Every structure is written in C-alpha cells, then in structure tokens.
Amino acid sequence: MKKKHSVVSIVIFSIILYWMLLPLLLVIISFRIDILLGLSWNFNPLRITIGSVLIILSVYLALWAANAVYFFGKGLPVFFQPPKYLIRSGPYSFVRNPLYIAFFFYLLCLGLILSPSMTYIVNPLFALFLIPYTIREEKILTEKFGSKYTDYRSVVPAIFPFKKRIKNAPYMVSPLIILLYLIVSTVLRKLFGLKLKGKLKRDVGPYIILSNHRSYLDPLFIVGAICMPVRFITTGKMFESFLLEKFFLSLSCIPLKRSSGVRSIIRTKEALGNGDIVGIFPEASRTWDGNLISFDRRVVKFIKSLGYPIVFLRIDGGYNVLPRWSKVFHRANVTVKVTGEIEDPGELSEAELQSIMEECLSNSKRSEARWGSFNKYIERLLWTCPECGNLHTIKRVGRRGFYCIHCKSRWFIDPLMKIVPILYEKMKKNILKNGINLPLKIKDGLTLYKNNLQIREKYIPLKDITFLAIDGVNYIQIGTKGKTSIGIKTYDALKLKTCIEILRGVRENLDRDPFWF
C-alpha cells in the first residue's frame with residue numbers, strides 16, 4: 001500500500017513541477033522579455049487553435065510515453081526513479097526521447113498562444129539545454145543496459161521518426177485504454193474488493209498467464225489485480241461486430257476462431273516473441289456451475305508448444321459475480337491468487353503439465369453473493385428437474401427459490417451458490433441414466449432425433465458432427481465434416497449441446513467447450 005501511495009505522490013509531484021510550475025516560470029520570463037523588446041501577439045484564432053490542438057497531442061504523447069515507462073520499464077519518468085528495464089514499446093519504438101519531444105512541443109505551443117518571446121527565444125534556449133542533458137542520459141543508459149541499448153539506438157532515432165519503427169517490441173495500448181484500465185481497476189477494487197494474493201516474480205513479459213474462467217469479467221479481474229497489460233486470447237465471435245472488433249483490438253486481444261485456430265497460434269507466438277504477456281483460459285470457455293472444466297489435450301499441447309514461462313492465477317469468487325447461465329450481476333469479493341509458476345513447460349510431458357494445471361486452477365473458492373436475483377435464468381442451466389427428470393418444469397419463486405411443478409421439489413440458492421453445482425451434476429447423472437425423450441424439440445425449426453438434427457428443411461446426421469461450441473450463452477456452433485460450421489441462436493444452447501453429446505455416446509466431460517468428437 002505504501003508503494004502505491006509513493007507512486008501516486010511521485011506522479012502528482014512530477015506533474016506539478018514539470019508540467020505546471022516550470023512552464024509557468026518560463027511563461028513569466030517570456031512576458032518580461034516581451035515587455036523589454038516590445039513584442040506581442042496579435043489576436044489570431046487560427047494560431048490559438050493550432051497551439052491548443054498541439055498541446056493536447058503533446059500531453060497525449062507524454063501520457064503514452066509515461067505509461068510505457070511504468071508498465072514496461074517498471075519505473076517512473078523522473079530522474080530519481082528511473083526504469084529498471086529497457087523500453088522499446090509504444091512511442092519508444094519510434095523515437096528514443098518521446099517525453100522530451102512532448103515537453104518541447106508543449107512549451108512551444110504555449111508560446112504560440114501566449115508569448116512570441118517564448119516561441120522564438122526561450123524555447124530554443126531550453127532546447128539547447130536539453131541536448132547535453134540527453135547526451136549524458138544516453139551514456140548512462142549505455143552503461144546500464146550495454147549492447148541492448150546500443151542495438152536499440154542503432155535502429156531507433158533520437159528525435160525524428162524517419163526510420164522504420166522497431167518491430168519486435170511488446171504491444172503497447174493507447175493512453176486512453178490505459179486510462180480505462182485504471183478506472184475499471186479502481187471500480188473493481190471498490191465494488192468487488194479485488195485484490196492480488198501472492199507475489200508475481202516477473203515484472204515484465206514474455207510469459208503466459210493461465211487462469212480459471214468464471215465470468216465475462218475475468219480478464220478485467222486479472223488486469224486490475226496485477227496492474228499490467230495482458231493480451232488475452234478471445235473467441236472470434238467477439239470480433240464479428242465492427243464496433244466490438246475495434247474495441248477488442250484496441251485492448252490488444254488475440255482473436256480465436258473455434259473451428260480453426262492456426263492464425264491465433266501464429267499471433268500468440270508473435271506476441272510472446274515480442275515480449276508480451278499473453279492470457280489464456282485453458283478451459284476454453286466459462287464454466288456453467290463454477291467447477292473447473294476438464295482441459296482438452298489440444299489446449300495442453302498448444303500451451304506446451306509455446307515454450308514460455310507460465311504463471312498460474314486462480315480467480316476466487318468470480319463465479320458468484322456473474323454465473324454463465326445468468327444475466328444478473330451480483331456483488332461478491334474477488335481475489336486473484338498466484339498459485340504456481342513453471343519456468344520451462346517444454347521440460348514436462350503433456351500429462352505432467354495437465355496435472356499441474358489442474359492442481360493450480362482447481363478448488364476455486366466462493367464468496368457470498370449480494371445484490372440482485374439469484375435464481376433468474378436458472379432454468380437455462382437446470383433444463384430438466386434434478387429429482388424427477390421432467391423437461392422444463394422448473395419455476396422460480398422470489399429472488400432465490402425455485403421448484404419443480406411436477407414433483408413439487410423445492411430449492412433455495414444460498415449466498416455461496418453451493419447448491420448450483422450439486423443440482424447440475426445430479427441433473428446430468430439422471431439424463432445419462434434415464435436417457436433423452438426423443439424427438440426433442442428445441443425451438444421451431446430445430447428438432448433433435450436419435451440419429452439426426454433437423455434445422456428447418458435440412459437434416460444433419462449426428463455422426464457427421466465434428467465439434468460443438470457455445471459462444472456466450474445462447475449461440476451454438478456446430479461443426480460438420482468438410483470443415484463447415486453452422487451457427488444457431490437458441491435459449492437452450494446448453495441443452496442442445498448436452499443432448500447431442502449424449503446421443504453420440506459421450507459419458508464424460510460433457511461441459512468441455514468446445515467439444516471435439
């Protein structure tokens with residue numbers, strides 16, 4: 001906590017000193033020179049507009065550079081707390097001195113608005129002072145980072161970004177996104193008591209974060225807890241809308257196409273090669289009941305093939321914030337816990353790696369949920385009665401209760417929601433034991449038979465289905481032979497997926513998503 005207060009204090013101090021008091025002093029000196037030389041600006045709206053716009057751009061560049069210093073250099077843009085690591089991201093991939101450039105243009109634009117002497121006399125003299133200071137600073141950086149800085153200096157220019165930008169640098173999101181991260185992080189800490197338990201041994205990338213997946217908010221929980229930009233692998237469905245595509249790309253997410261992930265594999269390797277932190281949810285989808293979904297061997301093989309260090313972060317309390325089957329947010333305490341680390345996954349067999357993954361990410365703790373309806377949309381999850389097995393007989397009572405209209409069994413969802421996985425598991429066992437009453441009508445134009453799935457006029461043999469995947473809660477992708485994929489929107493996507501799996505003879509890992517046959 002003391003460290004966070006010291007960072008805030010240093011940032012406030014540097015803003016007041018460098019961006020307020022020092023410019024104010026230079027403006028006062030410039031006004032004195034204007035009086036002595038009899039200089040003044042005539043009122044010119046165009047000059048004032050240009051100066052104002054350039055001031056905004058200068059501040060934006062300064063914020064971008066300061067973010068890079070903090071997140072990738074693990075320091076602050078002040079002389080008494082320099083970065084620990086060489087920065088090659090963001091504006092530092094174009095020029096070596098973006099902060100000085102931003103500050104010089106900031107002063108120059110103040111001169112355009114306020115004083116001709118500041119533009120023609122004070123600023124050039126200030127620039128002459130910066131040149132020897134920059135040369136001295138580069139000597140210090142060369143001594144500190146050695147050949148790394150020498151190679152960096154040979155590629156990236158000092159002031160004018162005429163050369164091609166450096167390629168193999170960590171991805172740097174814009175200051176606006178960083179500001180969004182900080183705002184969201186503050187809100188999450190206040191609303192959900194978000195905290196990090198344990199210590200991250202790594203300050204910067206490249207490394208892989210593996211975490212359990214409980215709700216839509218999991219990426220925000222992770223970023224808010226560790227205070228580092230993370231490039232999460234995100235399902236391609238999130239990129240289908242133009243606005244959503246731009247939003248998720250601005251967050252540096254890596255899109256994953258369910259049916260074919262070759263491009264995602266290439267992008268993930270490129271991101272790690274550039275020094276990024278990549279976030280992966282090895283369950284490949286959010287859990288329905290709060291328990292860990294078994295890992296597909298393809299996912300384990302992919303993670304092992306990357307060959308980069310792995311940090312395990314287990315999210316506790318996230319399921320009760322927003323269960324997958326519900327649309328209602330609840331207030332619950334969330335903790336992101338560091339549960340393990342692997343330096344070189346390549347030294348482990350796939351079975352050993354999977355065992356460690358299960359050990360580090362399982363047994364997620366629950367926290368008491370508050371606010372909102374606990375039972376709304378529970379029939380999406382419990383589409384047959386856990387007791388009598390009748391279809392669509394679950395009805396809600398109040399905010400927490402529900403019952404079966406056929407057998408009159410009643411249940412009550414406790415604040416920890418412990419009863420949800422118990423009833424869900426019981427329902428699946430009953431279906432496996434008693435079978436499915438066929439034909440099963442999912443909705444108009446969508447009916448499941450013993451050997452076929454009818455979609456309007458078309459019949460798809462169940463034996464030709466290669467994979468099933470649910471995006472969100474009500475959209476299911478059905479892959480068939482020939483690498484074709486059919487998308488169906490239905491409230492009962494979970495019911496359809498489970499029934500197809502059972503009719504195909506599956507008896508284990510029904511919740512695996514995507515499920516490959």
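Every read-out reported here was derived from the displayed coordinates using simple, explicitly stated rules and does not represent laboratory data. Treat the numbers as computed from the prediction; the structure is a model and nothing was measured. Positions of Cβ are backbone-derived with ideal geometry, glycine not excepted, and every protein chain shown enters the neighbour counts.
Quick one: Cα centre-to-centre distance for segment 10-72 and segment 463-507, in angstrom?
59
Once R0 is set to 45 Å, what does the formula 1/(1 + (r/R0)^6) return for the Cβ-Cβ distance between residue 216 and residue 32, expressed as a FRET efficiency to the nearest 0.05? Mind showing how you got there, number by number?
Working: r = 58 Å, r/R0 = 1.30.
Efficiency at R0 = 45 Å is approximately 0.15.
Please turn the phi angles of segment 104-114 into ³J(HN,Hα) values with the Karplus equation 6.51 cos²θ - 1.76 cosθ + 1.60 (θ = phi - 60°), one per residue in order, whole Hz, x for glycine and proline.
For segment 104-114, the Karplus curve yields 4, 5, 4, 5, 4, 6, 4, x, 4, 8, 10 Hz.
Quick one: angle between helix 175-192 and the longest Cα principal axis of the chain, in degrees between 0 and 90, rounded to 10, please.
50
Where in segment 402-445 are there trypsin sites (Lys or Arg not before Pro) that are in a DSSP coil and have at most 15 other Cβ atoms within 10 angstrom of their Cβ? Please report the intermediate quantities before stating the final value.
Numbers: sites: 408, 410, 418, 426, 428, 429, 433, 441, 443; in loops: 408, 418.
Here the trypsin sites (Lys or Arg not before Pro) that fit, given the DSSP loop and packing criteria, are 408, 418.
For a footprinting-style exposure proxy, rank 211, 349, 285, 14 by other Cβ within 10 Å, fewest first. Please report the intermediate quantities before stating the final value.
On the way: 211 28, 349 10, 285 20, 14 16.
Starting with the residue having the fewest Cβ neighbours, the order is 349, 14, 285, 211.
List the aspartates and glutamates whose Cα lies under 16 Å from the Cα of residue 84, skipping any in the same chain that are fewer than 8 positions away.
Cα-Cα hits under 16 Å: 137, 138, 143, 203.
If you line up the long axis of helix 262-273 against the longest principal axis of the chain, both from Cα atoms, how many degrees apart are they, to the nearest 10?
Long axis of 262-273 versus the principal axis of the chain: about 40 degrees.
Mind checking the full-extension length gain between residue 412 and residue 247? Use 0.36 nm per residue of separation minus the Cα-Cα distance, one decimal, nm. Walk me through the intermediate numbers first.
Values: separation 165, 0.36 × 165 = 59.40 nm, distance 3.91 nm.
So the extension gain works out to 55.5 nm.
For the chain, can you list the cysteines whose C-beta has no other cysteine C-beta under 4.7 Å from it?
109, 227, 253, 360, 499
Restrict the search to segment 454-516; then list the trypsin sites (Lys or Arg not before Pro) that DSSP places in a loop and that have at most 13 other Cβ atoms within 10 Å of their Cβ. Intermediate values should be presented prior to the final figure.
Numbers: sites: 456, 458, 463, 481, 483, 489, 495, 497, 504, 507, 512; in loops: 456, 481, 483, 504, 507, 512.
Taking segment 454-516 and a limit of 13 other Cβ atoms within 10 Å, the loop trypsin sites (Lys or Arg not before Pro) found are 456, 481, 483, 504, 507.
Set the bar at 31 Å for Cα to Cα. Now go through 74/246; 458/495; 304/441; 257/426; 301/481 and name every pair that lies beyond it. Spell out each step's value before the answer.
Working: 74/246 28 Å; 458/495 20 Å; 304/441 42 Å; 257/426 33 Å; 301/481 23 Å.
Violating the 31 Å Cα-Cα cut-off are 304/441; 257/426.
As a test of the formula, what do you get for the chain when each DSSP H run with n ≥ 4 contributes -39,500 (n - 2.57) and the sum is divided by the residue count, at 222 nm and rounded to the nearest 500 deg cm²/dmol?
Details: 15 runs with 208 residues, N = 517.
Rounded to the nearest 500, it is -13000 deg cm²/dmol.
Excluding same-chain residues fewer than 8 positions from residue 199, which aspartates and glutamates have a Cα within less than 17 Å of its Cα?
Of all the aspartates and glutamates, those that pass the test against residue 199 - Cα under 17 Å, at least 8 places apart if same chain - are 316, 341, 343.
With 10 angstrom as the radius, rank 149, 319 by how many other C-beta atoms surround their C-beta, starting from the fewest.
Details: 149 18, 319 32.
With the fewest neighbours first, 149, 319 line up as 149, 319.
How tilted is helix 2-16 with respect to the longest principal axis of the chain? Cα atoms for both, answer in degrees (0 to 90, nearest 10).
Once rounded, one gets 40 degrees.
Taking the Cβ of each residue in 471, 464 as the centre, tally the other Cβ atoms inside 10 Å and list the residues starting with the fewest. Could you put the intermediate results ahead of the total?
Details: 471 20, 464 15.
Ascending number of Cβ neighbours within 10 Å: 464, 471.
Which entries in 450/489; 201/418; 408/429; 395/443 show an alpha-carbon gap greater than 30 Å?
Working: 450/489 21 Å; 201/418 34 Å; 408/429 20 Å; 395/443 19 Å.
Listed pairs above 30 Å: 201/418.
Which value in nm describes the separation of the simple spin-label points at residue 502 and residue 49, placed 7 Å from the Cα toward the beta carbon?
Roughly 6.9 nm, to one decimal.
Using a 7 Å offset from Cα along Cα-Cβ at residue 191, what residues in segment 346-372 end up with backbone N under 18 Å from the label point?
367-372
Measure of size requested: the Rg and Dmax of segment 438-517, with Cα atoms as the atom set and Å as the unit; please supply both.
Answer for segment 438-517, Rg first and Dmax second: 11.3, 32 Å.
So what does log10 I(q)/I(0) come out to for the chain at q = 0.10, 0.12 Å⁻¹, using the Debye formula with one equal point on every Cα and no solvent?
Once normalised to I(0) and log-transformed, intensities are -0.88, -1.13.
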